[in-house]
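Worksheet: the structure to be examined is printed underneath.
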Amino acid sequence: MAKLKIDGNEIEVPDHFTLLQACEEAGAEVPRFCFHERLSVAGNCRMCLVEVKGGPPKPQASCAMGVRDIRGGPNGELPEVFTNTPMVKKAREGVMEFLLINHPLDCPICDQGGECDLQDQAMAFGIDSSRYQEDKRAVEDKYIGPLVKTVMNRCIHCTRCVRFTTEVAGISELGLIGRGEDAEITTYLEQAMTSELQGNVVDLCPVGALTSKPFAFTARPWELNKTESIDVMDALGSAIRVDTRGREVMRVLPRVNDQINEEWISDKSRFIWDGLKTQRLDRPYVRKDGRLQAATWGEAFGAIKAAVSATSGDKIGAIAGDLASVEEMYALSELVKSLGSENLDCRQDGTALDPSLGRASYVFNPTIEGIEQADALLIIGANPRFEAAVLNARIRKRWRRGNFPIGVIGEAGELRYDYEYLGAGPDTLKDLVDGNHAFAKVLTNAKKPMILIGQGALSRADGAGVLASAAKLAGTVGAVVDGWNGFAVLHTAASRVGGLDLGFVPGEKGVNAADMLASMDVLFLLGADELDFAAKKAKLTVYVGSHGDNGAHNADVILPAAAYTEKSGTWVNTEGRVQMGNRAGFAPGDAREDWAIIRALSDVLGKKLPFDSLGELRAKLYAAFPHFAALDEIAESDSAKIAAVAKKAGKMNKSGFASPVKDFYLTNPIARASAVMAECSALARNNFKVAAE
């Protein structure tokens, strides 16, 4: 720790702090453009100038000077820093005057208006006139893709975007060329950015040089209602803010959550919102004479009642989709059980995970934040870059610190960090378990090794055998010991861990999702769209969901439901953290919240569920599963269960592991309804073809 005085107040801060951080700790406001807590220090905007007593007779850039770099007085006096002296005030005014020499007067038409750091700091620290009368310079706008709009005349060369793409996203797609007046930020070759995290440069840009292209010219920040919620585009549960105007979602932004997403979100999470407006189901439909026709709620419920009455409980089933919340899965499971059925499944992809094996066998035990403590990593059958882009950035963050060997079994893709490719499939995994591979020694010698296993390895016919082998390896190399559980299952579906926690899996006499499609008389699909409907033989399929996607096309009755931004719901992320999303808007037309649809249907079927409101439903849910009441917490898992899984060794076939995410931008019904995601997908496929050639 280091002691110093800031504006006369004595404070103690960690000795690795910069002066800027120390000033913030002391409550002093220091303006900045280039400095960012999660990026390297550039020191090129000079807005954060302060005066250091006893230092050089000129202001110092507080972002680039550490508290250990300044000295106290000759008689043991503490070092002193001043943030509000006449020298500092004059220096900041001069810097601001320089910054505004070439900055265009775009404020009335700039999308950054109302959220612009340059506007705010010009008001607080600038002066009311300029001594420069020369013409402003002009810079050509760049095309960098369908997501980020550029107006490079506004750029102040803080280089935040350059440092983000290089350091966090892991690909040098932006850079600064030229010097002095000729300096400009560019992609060099005028091509679209390819990172799945590129949208974060919009938040980082302190001026209007980089803004959201889909959001351009649609709304001002002060018009929007802001709702804090949770993202469901992957299983990470990133903290987001949904901005709405009236009933319409206008944009999605990240919130800071150091335990999960820090302050980044993937492009799919950020730009998905136009998919919430298109392909929506806004009224019930019933299939008559081979065609889906609009119907009333009464007619739709009547068709379901007739089918349920004509069959037995063992011929009724329910499959939950990837975006379903815990509340609606709980309501549907209670309804299906009351009809005498044990046919439940939340595993559309047929993954081998099962709650009977213990919670530790299906969650990301080391936690997302815990990645930074690991000192070796083995990735089995996963591509974190596409399956969880923000988690992949966390792996890269740890890799950049050094001494972090990474091995990959599966597809050899570009992960944005160096790794050792070990092999394609189960044979390599078996060699590691038997200790016949050099990387096994690397894991054994590590103090906190991590085994990351993805759905590409678990959703195969031999998934149970792969899970058992991975669990055995975790025990062999010391990945599961007192104080450290490095066995990490990476999910791709936001609903999966919550469904497994609920026990939304087949009972003793129940059948799995694939068998339900082929054998049920009545099949409920709760937003389940990722199934192989070519095998469907179910007599009556009921689709409860928000979008006209695969499930709705193959349904006999459609019950229109709310999307994730239109309901309050609980989701459990891949590490087992319980999180609650809040309603930002309302569903269109006759669409209703999923749990309310199931509750109304239960009444018609004569199996009335014991709750009339969301609060009552949650009371029942929390009574049955208390850990759902502990929001933002991870219930403890019994790591001994992993050793038990290891003993269930099963056979593995020879085929290699492949990531389940073939197209990052089109993984769910909302994404497939989004024009922006379609454009990104087409661009990515084109880039892949060019790279292959």
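A few points about this structure:
- Rounded to two decimals, the Cα radius of gyration of region 80-202 over 2.2 N^0.38 Å is 1.19.
- Values of log10 I(q)/I(0), in the order q = 0.14, 0.20 Å⁻¹, for region 507-582 under a Debye, Cα-only, solvent-free model: -0.56, -0.92
- Gyration tensor verdict on region 516-659 (Cα atoms; rounded if a/c is under 1.5, prolate if a/b is larger than b/c, oblate otherwise): oblate
- The distance from the alpha carbon centre of region 455-513 to that of region 220-236 is 30 Å, rounded to a whole number.
- Under-5 Å amide H pairs with F17, H placed in peptide plane, nonlocal only: V67
- Computed FRET value (nearest 0.05) for C107 with E25, which takes r as the C-beta separation and R₀ as 45 Å: 0.85
- Diffusion coefficient, µm² s⁻¹, Stokes-Einstein with Kirkwood Rh over alpha-carbon pairs of region 389-526 at 25 °C and 0.890 mPa s: 143
- Label-point separation, E248 to D515 (7 Å along Cα→Cβ), nm: 4.9
- The ellipsoid equivalent to the alpha-carbon distribution of region 19-102 has semi-axes of 22, 15, 11 angstrom, derived from the gyration tensor eigenvalues as √(5λ) and listed largest first.
- Amide hydrogen proximity for V480: with H placed 1.01 Å from N in the peptide plane, the residues at 5 or more positions away or on another chain lying under 5 Å are G486.
- Hydrodynamic radius of region 167-284 by the Kirkwood approach over all distinct alpha-carbon pairs: 16.2 Å.
- Low-density loop positions, GluC sites (Glu not before Pro), region 27-63 - DSSP coil, at most 16 other Cβ in 10 Å: E29, E37
- Among beta bridges that DSSP assigns inside the chain, antiparallel share in %, nearest 5: 55
- Candidate cross-link partners of K149 among the aspartates and glutamates, defined by an alpha-carbon separation under 12 Å and a same-chain spacing of 8 or more, comprise D111, D141.
- Structure note, pairs K226/K397; K226/K662; K337/K608; K337/K648; K315/K536: Cα-Cα distances above 24 angstrom occur for K226/K397; K226/K662; K337/K648.
- Residue-wise HN-Hα couplings along region 242-254, as the Karplus relation 6.51 cos²θ - 1.76 cosθ + 1.60 with θ = phi - 60° gives them from phi, are 9, 9, 10, 10, x, 8, 9, 6, 9, 6, 10, 10, x Hz; Gly and Pro carry x.
- Tail beyond 25 Å, pair distance distribution of region 257-407 (Cα, percent): 54
- For peptides 508-516, 473-481, sequence by mean Cβ density within 10 Å, most packed first: 473-481, 508-516
- Cross-link check: pairs K277/K539; K447/K647; K305/K607; K472/K509 evaluated at a Cα-Cα cut-off of 21 Å; pairs beyond the cut-off: K277/K539; K447/K647; K472/K509.
- Proximal charge balance of S637 [Cβ under 13 Å; K/R count +1, D/E count -1]: -2
- The orientation-averaged shadow of the Cα convex hull for region 428-485, equal to a quarter of the hull surface, comes to 3.9 nm².
- Tilt relative to the chain, helix 297-309 - C-alpha long axis, 0 to 90 degrees, to 10: 50
- Computed extension length for D434-A138: 100.1 nm, one decimal, from 0.36 nm per residue of separation with the Cα-Cα distance subtracted.
- When the trypsin sites (Lys or Arg not before Pro) in region 51-139 are filtered for DSSP coil states and for at most 10 other beta-carbon atoms within 10 Å of their beta-carbon, the remaining sites are R131.
- Loop-located trypsin sites (Lys or Arg not before Pro) in region 394-457 (DSSP state other than H, G, I, E, B) with a sparse environment of at most 12 neighbouring Cβ atoms within 10 Å: R401, K447.
- Across region 176-184, computed HN-Hα scalar couplings (Karplus, 6.51 cos²θ - 1.76 cosθ + 1.60, θ = phi - 60°) run 10, 10, x, 9, x, 5, 8, 5, 7 Hz from first to last residue, x flagging Gly and Pro.
- Simple spin-label estimate for D120 and S655 gives 5.3 nm between the two label positions (7 Å along the Cα-to-Cβ direction from each Cα).
- Given charges at Cβ of Lys, Arg, Asp, Glu: the chain dipole, positive-most of L236, V661, G435: G435
- With contacts taken as Cα pairs under 8 Å and at least 6 residues apart, the chain reaches a relative contact order of 14 percent.
- Amide H within-cut-off set for L49, under 5 Å, with H built and near neighbours excluded: S62
- Per-residue packing, averaged as other Cβ atoms within 10 Å, sorts the ranges 322-331, 497-506, 213-222 into the order 322-331, 497-506, 213-222, beginning with the highest.
- Net charge of neighbours whose Cβ lies under 9 Å from the Cβ of I171, counting Lys and Arg as +1 and Asp and Glu as -1: -1
- Gain in span if fully extended, E167 to A624, counting 0.36 nm per residue against the direct Cα distance: 160.0 nm
- Taken along the Cα-to-beta-carbon direction at a fixed 7 Å, the label points for K539 and E636 span 5.0 nm.
- Each residue of region 194-206 was assigned a 3J(HN,Hα) from its phi angle through the Karplus curve 6.51 cos²θ - 1.76 cosθ + 1.60 (θ = phi - 60°); the sequence is 10, 5, 7, 10, 4, x, 5, 5, 5, 5, 6, 5, x Hz, with glycine and proline shown as x.
- Listed values [x] 34.1; [y] 28.7; [z] 41.6, entry calculated as mean projected area of the Cα convex hull in nm²: [x]
- Accessible surface, per residue, of the chain when the full set of protein chains is kept, probe 1.4 Å, Å²: 41
The values are calculated or read from the model by the stated rules, or taken from the named source; none is laboratory data. Treat the numbers as computed from the prediction; the structure is a model and nothing was measured. Cβ sites come from the backbone with ideal geometry, for glycine too, and all protein chains shown count toward neighbours. Each accessible area value is taken on the protein alone, full model and side chains, heavy atoms only, with ligands, DNA and RNA left out. Shrake-Rupley method; radii C 1.70, N 1.55, O 1.52, S 1.80 Å.
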